[in-house]
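The structure appears right after this line, and notes come after that.
The values are calculated or read from the model by the stated rules, or taken from the named source; none is laboratory data. Computed from a predicted model, the values in this text were never measured in an experiment. Cβ coordinates were reconstructed from backbone atoms using ideal geometry, including for glycine residues, and neighbour counts include every protein chain displayed. Quick note on the areas: whole protein, heavy atoms, side chains included, nothing else; ligands and nucleic acids left out. Shrake-Rupley method; radii C 1.70, N 1.55, O 1.52, S 1.80 Å.
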Amino acid sequence: MPTHNTSFPLDFLWGAATASYQIEGAAHEDGRGESVWDRFCATPGKVRNGDSGERACDFYHRYHDDVKLMRELGLDAFRFSIAWPRVVPSGRGQINEAGLDFYDRLVDELLAHDIEPFATLFHWDTPQALEDAGGWPARATAEAFAEYAEAVARRLGDRVRHWITHNEPWVHAWIGHSWGHHAPGRTSESDAVTAAHHLLLSHGWATEVIRAAVPDAQVGITLNLAHSYPATETPEDEAAAWQMDGEANRWFLDPLFKGAYPADLLERNELVAPVLQDGDLATIAVPLDFLGVNNYFRFVVSAGADGPKMERVEESQHTDMGWEVYPDGLHQLLVRVANDYAPQAIYVTENGAAFGDVRVHDGHVHDPERTAYLQTHTAAVAQAIADGAPVKGYFVWSLLDNFEWAYGYSKRFGIVYIDYPTLERVPKDSYYWYRDFIAARERTPRPSPIATG
């Protein structure tokens, strides 16, 4: 049975999440510069069907209507990301005021509808000019990020209280710099480790400048985390699961909360040592106001000949991404993070599922699998709270079907269907379930969002 949301704290925030390159479009408008994803998408063979985010969901022009959908949904909060090349087209230097104007308008529109803005400063769309100058493996990119963060905080900080520096640095570092499946398409493990360090370092610097510009800011970072389970109880599989946990989870959690990289990952420590400067770890470990947790699946790990090996649990349900549906993995992950790292607060900043949605003859989109996914995963969050995890909010991924990176438009995560030829928005059954679930909570006054000017 789905958990009724009176199991949640009265001030719990219900939200939805998106990312700039995945929804905005308007890639060549109002002075926006080129991003690594623009370049990656223009490279033949990198993205399915040759898709790109050039138009995406056209949120840039249609945000008024989309905010109305959020209000009808009953959202307390909306997590969006800011496109760095829209604000600083060359990555450093001249600010594009027209780009900041867009986010000004978006924030005002959200607040006018009593929706709390959660702004993410980086969701992987590095300005191409910075990539050309060395990208995230270069320390100068971390310095540029802090400058960009300060510019945004100074413009929006009178109205935006919740700030997320980075989204999923593991994904950007490894899938983008070691595996080559994401922009910028590099294939160097050394580049991945160095990029990860500079992402974390820039998080620390950005946190400092945001707090200087916005004294009452709540600042955090979002990590993609998954609970790691050994495939069997053998010592070999248990060791492999711990190594996987180290590579995917502890490599980021430990420096953020303990001021050190995991000592057991010897090869990675050798790679990070040359770029680790005095004071870096203290900067990375600046106290967080909250930790954002993105979770979609668990790790089931065995000992392979070349290291940890991910196992597929055939008897489980899997999403259109091939990811196992295992809600207790989210529950156990949240409790583990709370027990081992004691963050002041946790937000589930992304959780959702892709399924092969179609619009049928009645004009609607019936997605019972996603509705069941949301039921069971919100119940898992409730259980984690009951077990002591300080979870303060939940953001479904995603509000809209959108550009799913290297998969193009072939995967649909939204609770609102996008008819891509027309860009018509069609709320799915899961949207209506989420609306009714939010509406059923016990009402209590929330602090009003900061008033607009």
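Points worth noting:
- In sequence order, region 202-214 has phi-based couplings of 5, 4, x, 5, 5, 4, 5, 6, 5, 5, 5, 7, 10 Hz under the Karplus curve 6.51 cos²θ - 1.76 cosθ + 1.60, θ = phi - 60°, and Gly or Pro positions carry x.
- Solvent exposure of region 1-104 as accessible area per residue, Å², 1.4 Å probe: 38
- Couplings for region 298-308, taken from phi via the Karplus curve 6.51 cos²θ - 1.76 cosθ + 1.60 with θ = phi - 60°, read 10, 9, 10, 10, 10, 7, x, 5, 10, x, x Hz in order; Gly and Pro are left as x.
- For region 296-417, the gyration tensor built on C-alpha atoms gives an oblate shape. Its axis ratio a/c (a ≥ b ≥ c) is at least 1.5, and a/b is not larger than b/c.
- Values of log10 I(q)/I(0), in the order q = 0.12, 0.14, 0.15, 0.19 Å⁻¹, for region 44-173 under a Debye, Cα-only, solvent-free model: -0.51, -0.69, -0.79, -1.18
- Here A263 and Q94 are evaluated by their C-beta separation; at R0 = 41 Å the FRET efficiency comes out at 0.40.
- D340, D237, D108, reordered so the largest accessible area comes first (probe 1.4 Å): D340, D108, D237
- For the peptides 125-138, 275-288, the ranking by mean Cβ contacts within 10 Å, running from highest to lowest, is 125-138, 275-288.
- Using the Karplus relation 6.51 cos²θ - 1.76 cosθ + 1.60 with θ = phi - 60°, the per-residue 3J(HN,Hα) values for region 216-229 come to 9, 5, 9, 10, x, 9, 10, 10, 8, 10, 8, 5, 9, 10 Hz, with x marking Gly and Pro.
- Carbon and sulfur %, accessible surface of region 47-114 computed with the full protein complex present, 1.4 Å: 41
- Label-reachable residues, region 56-98, where backbone N falls under 16 Å from a point 7 Å from E147's Cα toward its Cβ: 84-97
- Whether region 97-145 is rounded, prolate or oblate, judged on the alpha carbon gyration tensor where a/c under 1.5 counts as rounded: prolate
- With a Förster radius of 25 Å applied to the beta-carbon distance between H61 and H366, the computed FRET efficiency rounds to 0.30.
- Per principal axis, descending, Cα span of the chain in whole Å: 55, 54, 46
- Multiplying the residue separation of M310 and D328 by 0.36 nm and removing their Cα-Cα distance gives an extension gain of 4.7 nm.
- Amide H contacts of Q317 (H built 1.01 Å from N, in plane; Pro and chain starts excluded): V325 sit under 5 Å, all sequence-distant by 5 or more or on other chains.
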